[in-house]
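Down below is the structure, laid out as structure tokens.
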């Protein structure tokens, strides 16, 4: 599992959400090995937090998406127009148990 977090000014949050669905989601989905993709948003007074959680079938699949150092965050040129800061690293976890309904 790979997690990325970003912050956007609240007045740009709806536009960034649209960007994530229209630009980022297809990019993630184009890589074989992506099992699940979750885009999440939490609004505060002046900013919105975006959390992306991706579940992959292997570390190799993550590398096919993110590069040889998959712990480094991947950014799009458009992120410059939205993000308040750009975090350098993602968080990565090994899923050792999953319960499905």
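Here, each number is a calculation from the coordinates, and none is a lab measurement. Just so it is clear, the structure is predicted and the values come from calculations on it, not from any experiment. No Cβ is skipped: glycine too gets one built from the backbone with ideal geometry, and neighbour counts run over all protein chains shown.
A few comments on the model shown:
- In the chain, the DSSP-assigned H stretches of four residues or longer account for a calculated mean residue ellipticity at 222 nm of -5000 deg cm²/dmol, using -39500 (n - 2.57) per stretch and the full residue count as denominator.
- Summary value for the stretch 2-92: 41 percent relative contact order, contacts being C-alpha pairs under 8 angstrom separated by 6+ residues.
- With the cut-off at under 19 Å, measuring from each backbone N in the stretch 72-95 to a point 7 Å along the Cα-to-Cβ line of residue 38 picks out 90-95.
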